[in-house]
Every structure is written in C-alpha cells, then in structure tokens.
There are 2 protein chains.
Amino acid sequence: MLIVQKFGGSSVADAEKVRRVAGIIAESYDAGHDMVVVLSAQGDTTDDLLDKAAEINPRPSKRELDMLLSTGEQISIALMAMCLEKMHYPVVSLTGWQIGMRTNSQYGNARIYSISTERIRAELDKRRIVIIAGFQGVNKMEDVTTLGRGGSDTTAVAIAAALHADRCQIFTDVEGVYTADPRKVPGARKLDEITYDEMLELASMGAQVLHNRSVEMAKRYGVNLEVLSSYVRKPGTKVKEVVKQMEEMKISGIAKDHNVARLAVVGVPDEPGRAFRIFRALANKKINVDIILQSYGKNNTNDVSFTVAEDDMEEAKETLLEAQEAIGFDHIDVTTDVCKVSIVGAGMVRSSGIAATMFEALSDAKINIQMISTSEIKVSVLIKDVYADLAVKAIHQKFFGA
Amino acid sequence: MLIVQKFGGSSVADAEKVRRVAGIIAESYDAGHDMVVVLSAQGDTTDDLLDKAAEINPRPSKRELDMLLSTGEQISIALMAMCLEKMHYPVVSLTGWQIGMRTNSQYGNARIYSISTERIRAELDKRRIVIIAGFQGVNKMEDVTTLGRGGSDTTAVAIAAALHADRCQIFTDVEGVYTADPRKVPGARKLDEITYDEMLELASMGAQVLHNRSVEMAKRYGVNLEVLSSYVRKPGTKVKEVVKQMEEMKISGIAKDHNVARLAVVGVPDEPGRAFRIFRALANKKINVDIILQSYGKNNTNDVSFTVAEDDMEEAKETLLEAQEAIGFDHIDVTTDVCKVSIVGAGMVRSSGIAATMFEALSDAKINIQMISTSEIKVSVLIKDVYADLAVKAIHQKFFGA
C-alpha cells in the first residue's frame, strides 16, 4: 500500500515528539508500505519567525513573509529525516519546490495547481521514506508561496490524490471524529466511518478536526482519508464516499456553532422582490447568509429573519440600513446570544422522523427553537446560546442513548 | 555601476544590525547603483540549528544537514527584504535554488558549477535591490547543498563574476587588510590596495579576512574585490590584479601562523632517493609539507626537517614510522612550540634585500631563526612560538617605521 501520513506542528514540537512520530512512520514502513509523510512547522517556530519579522517590519509583503515562514517546515522535515536516519531507515526530505508543488501567486493563501510526482516516485522506487514540507509551494515565477489555514492537511490530500495513494492518514491530537465534542458530552462516541459531506458539514460547524479545504479536495479526488491520533495507536475515523453502516446509523454527529448572529428585518412591505433586495445587498458585500425565516408581521408587512456569522453582523446591519429606502423596512433587530446546533448524517434524507426526533429531544429539555434549517444531510436549529451544551447532550442522548 | 555586497552573520545578527546593514545597502542604491546583496545566516542561527539536529541525531547525513542549515540564510534574506520594504525600497529576496546556483553533490562543502543570471538580471531591470542567500546551492538532483567554510564570500564573488559586476564588496568587522594584526601591532597600517596573490598568501597564513577560495575565484575571473567594515563608513582595501604603489611599498603585510609543527627525520642515509621516499609517503596520505630543510648529520647521514600543519603532525609521524625501514632513518623529533612568521609583497621579487631586512629585524630582537622559506612574493621563517608577536612587531617596525 502507498500511504500518505500527515503530522501537525504540535506532533513534532520537540525532539521527543519527533522520535514518537518517527516510530509511527517506521511501524508503517516495516509493515511493507510505501510511505510519504507531510509535516508542518514545529510547535512555536512559525510564531518565533513572525516575531522576528514584526520586530523589523510590522507589515511585511506577503511574498517575503512566505519566504520566511516556509523555512519552518523545511526545518521539520530535515529533523525528521535525521531521526529516521538514526533508526537506520532509508529516508529523504523534500521541500515544496522540490516536489514541484505549483500554486497560484496568492501569497499567504495560495491555491494548489499541480504536483509533479516524478521525484517522489523515484524516491519511493528506492524504497525510501519520503518526508515532505507541508503548507508550501512555488508559483510560476518560482517564488515560494504558502497555502494558508489547513495548508498542511491540504498538501497531504493533494499528494495522496496525485500519487493515487491507497490511504491518507491525518494524525491529530484527537482519536477521530466524534458524534459530539467528547469534552462536553461524556457519552460521545468515536465514529469508525463518515462521508465527505458529513465531514464537511461537521467541519464548517466548528468541529475543527480537518480543514474543509482538505475534505473538499479529498472528496473531489476520492482520497481515502483517515483521521487518527498521534498519541494513541488505534484506528481513527475513515472519511470516504460511501459508508457501510449508513442505513443503521441515522446521524453521524452533533455540532454547535456560537459564531452566529440573528438579524430580523421588521416591517418589510409584502410585495414581490422586497426580500430579494435584502439578500442581493448582502451578497454584494460577500456576506454569507445562513438560516432564513420569513413571517407575517403587522399591517400587511413581513418580518425577514436570517443568521450570519457574528463577525459579519455589523457590516450586514450597516449594509441594510444604507438600503433602507429601497427595501422599505421599518427597523432591524439584532441578537447575538444565539447558537446553532446541528445534526449531520448522510442517511437522513432516506429516513423519516430524524428532524422530529431532534425537536422532541429539545422539547423534552424545554429548549425553545427560534429558527430551523434543513438540508439533505443536516438539520440545524437556532436556540439561545446558554442552552447550547444542554441541547447537544439532550440530542445525543436521544439518538445514541448516552 | 553594478555592485555586489556581502554581509556576514555577525553583521545581521539582530534587528538593530539588520537595520544598519539595510542603511548601507540603501545608501549605495540611492547613489544610483544596481545592487545585489549576499547574506549569511544571522549570528547564532546555524549553531541553534546544529543543536536541534544533535539532539535528534549526532551524526546526521550531510544531505539532511544542508537541508536544515540552508534555512538560516533564507531567514536572513527575508528579514533584510522586509527591512528594506519598510524603508520603501523595491526589493526581492532569492534563495540559492532560485538563482540557479548549481553545485556538485559534495554536501557540506559543495563546489560551484554555474549560476543562471536570468532571474537576477530581470529583478535588476525592475530596479529592485536583490537580496541573495549565500552559502547554498543545488546539485543536479535539485537537492540543497551548502558551500562550506567561506561559502558566503564565495557566493558573492561567483555572482559578481557571473554578472560581470563592477565591484564586489565584502563587509567584515575589520576596516580592511592590514600590514599586520592591528590588535597586536599598534602601528599596523591599513592597505588601500593589495594583489590577489598577496591576499592569498596572507589569507593562508591566518589573516582570515577573506577565505582563500573566494580570493582564488576573484583572481580567476578578475573580480574587483573590496574588503571593508560594516561599522565604519570609509573605503577599505581593494584586492586587484595590479596595484598602483607596488614599487614603492616593498611588502604588503606580515602574518603569523601558529598551526604548525616541525618534524626532524634524523639519520637518513646520504643516498639518492631517500628524501624522496619521505615526501612520497606523506603525499600519499595527502599531508601538505611546507618548509623543508636538509642538513648534514653524523656518520654520513642527513637530517631532513620539515613543517606540517599541527593537525597533521600525528599522522605524519605515524606514516613515517611505518616506512622507517624503507627510508632507513634513525628516529624522528617533533616540536610544536614553533610559529611561522611571513612577510608578503608582490614587489619583493624585483627588490633585493627584503629578506635580509627581515632577518636583521629578527636578529636585532635576538630571535633565533630555525628554518627559512622564500617564494616570489613571500619570505617565511620558523621561530619559537613565544616570540611570534615580538617578531611581527620588530619586522613591522623595520619595514613601516611603526
């Protein structure tokens, strides 16, 4: 098997941790696999480099910042290679430019165009363990770029896709993907499998095990992802297209998202196109709107409520006030003490009563539902944020019995 | 003018020093010059990286060590570029691989094959200051190599040669090349000019202002070198083919070398080929022999004395003892309490009495000369090492009157 493994910065933070990770890599190699390993910069390296930069120039160009920061991963891969050398394994470290990781020129947040697999293949043919610097590439001028948030996960998935790897293992500090946050819900269960879409829904709701970008790429290229722990040696959660127990297990997980605000546009004339004007104005400012609710108000008007990320709340409000005349509303109410709780499951669409079960759980717990939104694999409700943890526990109890 | 400037690790050790160097670069740019700047790794960076490596693997492969160490210069150039950005200068940093610095595959001590000047020229055409990582290149596999001792000086000279630069300025912590070590000889004078050959003789004798490798390359390609201070803004010493005041100034400098041992092979039969066998045996072990003296010993035998670097002394002795039967000597005497003092000057060959003046100075100071060696531009003597500083002072006084 050809396996791509990815380890984050905290997993290789010091010599001791580098040795533990080297042990994991060696174990897979000894099992006869072809090994490609993607690493992030060690623990605080990136912060240290940013401090050095800030002392000289608080607002450096992104090109020079990428030139600086990309050294962090290069240090990681050299040290890991040295560690495996000490254990007498054949190994070679490679930077982003050495594997022809081509990106666009958006320094600090570059998108991957292509990877030339030639060098990696040649090293694998020599039975070497290949250690690759994550997070970095080069643009068409051969200038160093970095990939931004989730960049090393994305590097690993892109390499797995380019090499048609049998598996892409993302090692983290959790044991896999859970039905709910295990720190909050004692009965939370680790999932053996989950679909890409479910993972995407969970990831976008703050269960930050994998960055969405890497999951999207894995889905597009059909990469067999696995999330597992660098500390506990046992199977993690597999992310794939079709999940075995999809039919039995109605939902895969429960997540909550506190980064949400509710805006109510009150007194919108009940005429065609009024609601459209609201959402066009917000779209022009690139503000994403999530749950939408329209209800009848007084005097032949409607109230239009919707949620946005809390960070966008002020801008959304200003944008609408600027367009008040065109839209013709009376005023805007804003609340931030709300939270979105969602259940996610690919089997949901073929299984009636899932949403009803969720609502029942909330009703039993005497939690009022403010708004509802459903999709093929997700049901979300907006509730008062003080009830968030209680709601997650109640729903988990209802579906999983613990 | 196209000027290449090189700054060592101590010149860019911290933010404050980076700013000072940026000031020097900016001044030259403001004067209308095209600027290419070569930097070493910041102060202790290399040692810090070596410590990290040692913790994981005390004997890493040289390939991975080069991968690790080359990040040091990359950090330097990014920070310097950020500093010049802050001062509103157009600037770009480039690594060894980005300028196509091709080397052989001798990791840790690679030799330069070629530089592709395309990228540097393109950046200069945009009127950008080009900041280049010294000390590093890539081999034919695109693997990172480092150039070893004096690597950044050599990078600067190689780039100056490739670009046909008008001047290559090596900034150091001294103000130039002196007639003697100014810390030891108060009357030591800074030289305005010196020839490549004189510089080579001085460098090889421990006046470590410039590494020999860079001077040899400068000589081969006719690069106009200048050694000057990063701290004091005034002209340094120019190193070139022909020096103006060569005829007046009989000697250019005085140097001493403590890394020397004297071996006396006592009782070698006075037959043809005996001495040859001694030096053949040493040459086979790649031991360089410097001053040689043959003298008559007892009973129709000769004593053959010579000097080697102190580091080679043990091996030289062992080598000769192994060949004792073939050579036929009686025994070997070894002394390490010796020092070589030399005067260097291109005008020497056309000027009689230079050696005599030196010997007179030593005689006046009551210093006994053990061995003598002369070349076209150098006279060296071996003396007891406790008299080294006294000898340099006495000779300096005799030639320079101070």
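The values are calculated or read from the model by the stated rules, or taken from the named source; none is laboratory data. A quick note: this is a predicted structure, and the numbers were derived from the prediction, not measured. Cβ placement follows ideal geometry from the backbone for every residue including glycine, while neighbour counts extend to all protein chains displayed.
Couple of notes before you dig in:
- Annotation for the stretch A:232-249: no member residue is within 24 Å of A:ILE383 (Cα to Cα), at pLDDT below 85 and aliphatic (A, V, I, L, M).
- A:ASN224 passes every criterion in (1) at pLDDT below 90; (2) under 19 Å from A:ALA346 (Cα atoms) apart from (1).
- Qualifying residue in the stretch A:31-46 (condition: assigned to a helix (DSSP H, G or I) and free of Cβ contacts under 8 Å to residues at least 24 places away in the same chain): no
- Pick from the stretch A:1-15, criterion away from every other protein chain (no Cβ under 13 Å) and assigned to a helix (DSSP H, G or I), ranking: surrounded by the fewest Cβ atoms within 10 Å (Cβ to Cβ): A:SER10
- B:LEU84 being assigned to a helix (DSSP H, G or I), under 30 Å from A:ARG19 (Cβ atoms) and of a type in the set (A, V, I, L, M): no
- Selection over the stretch A:67-82 of residues that are more than 8 Å from chain B (Cβ to nearest Cβ) and either at pLDDT below 95 or more than 16 Å from B:GLN74 (Cβ to Cβ) (or both) gives a count of 1.
- Pick from the stretch A:360-396, criterion polar (S, T, N, Q) and within 19 Å of A:LEU202 (Cβ to Cβ), ranking: surrounded by the most Cβ atoms within 10 Å (Cβ to Cβ): A:SER380
- Top-ranked residue of the stretch A:94-124 - restricted to ones that are crowded, with 19+ Cβ neighbours inside 10 Å and within 23 Å of A:LYS52 (Cβ to Cβ), ranked as farthest from the other protein chains (Cβ to nearest Cβ): A:ALA110
- From the options B:GLU73, B:GLU85, B:GLU64, residue that is closer than 30 Å to B:ASP30 by Cβ, free of Cβ contacts under 8 Å to residues at least 12 places away in the same chain and touching a helix residue (DSSP H, G or I) at 6+ places or on another chain (Cβ under 8 Å): B:GLU85
- Selected residue [surrounded by fewer than 24 Cβ atoms within 10 Å (Cβ to Cβ), within 7 Å of another protein chain (Cβ to nearest Cβ) and not aliphatic (A, V, I, L, M)] from B:GLU85, B:GLU64: B:GLU85
- Subset tally (residues that are part of a strand (DSSP E or B) and under 22 Å from the mean Cα position of the chain (by Cα)) for the stretch B:339-397: 14
- For B:VAL18, the criteria (1) at pLDDT below 95; (2) in contact with a helix residue (DSSP H, G or I) (Cβ under 6 Å, 6 or more places away or on another chain); (3) of a type outside the set (Lys, Arg); (4) assigned to a helix (DSSP H, G or I) hold in every case but one, which is (1).
- Any hit, the stretch A:148-161, residues being touching a helix residue (DSSP H, G or I) at 6+ places or on another chain (Cβ under 7 Å) and assigned to a strand (DSSP E or B): no
- Selection status of B:THR46, away from chain A (no Cβ under 11 Å) and within 28 Å of the chain's Cα centre (by Cα): yes
- Some residue of the stretch A:117-138 being modelled with pLDDT under 95, among the basic types (Lys, Arg) and assigned to a loop (DSSP other than H, G, I, E, B): no
- Yes/no for B:SER28 being without any contact (Cβ under 8 Å) to a residue 40 or more places away in the chain, more than 14 Å from chain A (Cβ to nearest Cβ) and closer than 28 Å to A:PRO58 by Cα: yes
- Subset tally (residues that are under 19 Å from B:SER375 (Cβ atoms), hydrophobic (A, V, I, L, M, F, W, C) and surrounded by fewer than 18 Cβ atoms within 10 Å (Cβ to Cβ)) for the stretch B:282-315: 4
- Against the list (1) among the hydrophobic types (A, V, I, L, M, F, W, C); (2) more than 20 Å from A:VAL338 (Cβ to Cβ); (3) assigned to a strand (DSSP E or B), the condition A:VAL266 fails is (2).
- Number of the condition not met by B:SER295 [criteria: (1) in a helix (DSSP H, G or I); (2) small (Gly, Ala, Ser); (3) without any contact (Cβ under 8 Å) to a residue 12 or more places away in the chain]: (1)
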